[in-house]
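Here the structure comes first, spelled out in structure tokens, and everything after it is commentary.
We did not get these values from a lab; they are worked out from the coordinates using the rules stated. Quick caveat, the model's predicted, so the values are computed rather than measured. Glycine also receives a Cβ, built like all others from the backbone with ideal geometry; neighbour counts cover every protein chain displayed.
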């Protein structure tokens with residue numbers, strides 16, 4: 001099915017998710033404390049079966065039927081579809097950005113567990129995260145390794161010495177983690193972290209291993225960062241944190257692939273998050289332009305305003321279609337997903353920034369009043385151009401793929 005031809009069931013489901021976001025989730029989001037994990041909101045996402053849909057493989061959510069949040073499928077027991085993830089994130093972002101972010105962070109944090117965890121790891125944590133009882137986090141970034149994730153230096157030192165930590169891990173030994181992670185969403189309050197550390201020698205993507213580390217593991221501490229963000233972002237410090245082979249996600253020295261596969265799934269849906277915010281801003285601007293009287297008529301009668309709205313609507317729709325196309329390419333297993341995902345994230349996040357700015361300009365000073373939808377979106381829309389690969393990184397990825 002072409003990405004631009006969503007069927008009736010999908011459109012109905014998106015409308016239901018928007019309604020749930022506005023009526024069930026937004027009140028919980030508004031009651032939460034900025035900079036803290038809103039566990040009531042996360043629990044509600046679990047109860048509605050939305051977290052199970054994000055985590056996909058091996059998670060069975062509440063039965064779905066027409067008219068419920070679980071539609072259109074009765075349960076989620078196979079791999080998550082990127083298109084479904086995009087539709088879900090776009091719909092939630094339109095109605096409640098905090099709910100969308102809480103959902104995305106659970107999916108990103110437990111994504112490595114869902115794709116590469118052992119049966120024992122999944123039995124212990126996956127159901128807890130999918131139900132909203134446990135909060136997960138994706139711990140990749142470091143003070144000197146943000147966009148260049150392969151430059152990470154968190155050290156995994158073999159317990160008892162040895163020439164190569166990977167050999168120790170395969171032989172049944174363990175490691176000690178020492179170093180710092182920062183800009184980690186849900187830190188330092190998460191219950192479990194997907195942590196990426198250097199087990200092999202040398203720099204670059206090789207020699208990185210993914211570990212599943214409970215938040216109460218001895219030696220793991222952290223502090224929150226004061227950020228322009230409603231959800232917590234913090235720094236984690238590892239001081240001799242012990243991990244063993246039972247904590248490895250996937251293969252020893254294969255952690256960079258685990259991280260990239262997780263990000264490749266979520267990168268198009270960051271674009272969907274942006275499209276949801278852009279559509280909310282556009283709709284707000286359309287409503288305001290139709291109501292606001294100025295110069296003997298309404299704002300929409302002014303060509304300078306109506307042309308801005310027409311341009312914004314065109315760009316939002318183009319971004320939406322590119323996001324859907326990238327998601328379907330991922331679901332088909334196309335070989336050019338890296339390029340498509342980068343294009344989708346780049347265009348959608350840059351478009352959303354412009355759409356929100358245009359909507360603020362059309363509203364005027366009222367849009368900057370604390371509590372206004374556009375004031376909220378103006379703060380929320382900036383970060384997606386940075387995280388999961390800044391716009392400059394996406395352009396580099398696209399160029400590299402073009403030259404290939």
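Overview of results
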item	result
Highest-MSF residue in the chain out of 364, 296, 21 [GNM, Cα springs under 10 Å]	296
Rounded tilt (10° steps) of 82-95 against the dominant C-alpha axis of the chain	50 degrees
Relative contact order (%) - criterion: Cα under 8 Å, at least six apart; region: segment 136-256	30 percent
Calculated mean projected area of the Cα convex hull in nm² (choose from (1) 21.8; (2) 20.1; (3) 18.8), label	(2)
Exposure proxy ranking, count of Cβ atoms within 10 Å, fewest first, for 339, 400, 345	400, 339, 345
Candidates 104, 341, 145, ranked by Gaussian network fluctuation over the chain, Cα under 10 Å, top entry	145
Neighbour-count order for 376, 231, fewest beta carbons within 10 angstrom listed first	376, 231
Computed label-point distance, nm, for sites residue 260 and residue 151 using a 7 Å Cα→Cβ extension	1.8 nm
Sites residue 144 and residue 120 - FRET efficiency at Förster radius 45 Å, r taken between beta-carbons, to 0.05	0.85
Percentage relative contact order, the chain, counting C-alpha pairs under 8 Å, at least six apart	15 percent
Length released on extending from residue 386 to residue 302, taking residue separation times 0.36 nm less the Cα-Cα span	26.8 nm
Crossing angle, helix 337-363 versus the chain [Cα axis fit, 0-90 degrees, rounded to tens]	40 degrees
Estimated translational D of segment 193-288 in µm²/s (Stokes, Kirkwood radius over Cα pairs; 37 °C; 0.692 mPa s)	201 µm²/s
With Cα atoms, 0 to 90° folded angle of helix 391-403 axis to the chain main axis	80 degrees
Pairwise label distance in nanometres, residue 321 with residue 229, each label 7 Å out on the Cα-Cβ vector	3.4 nm
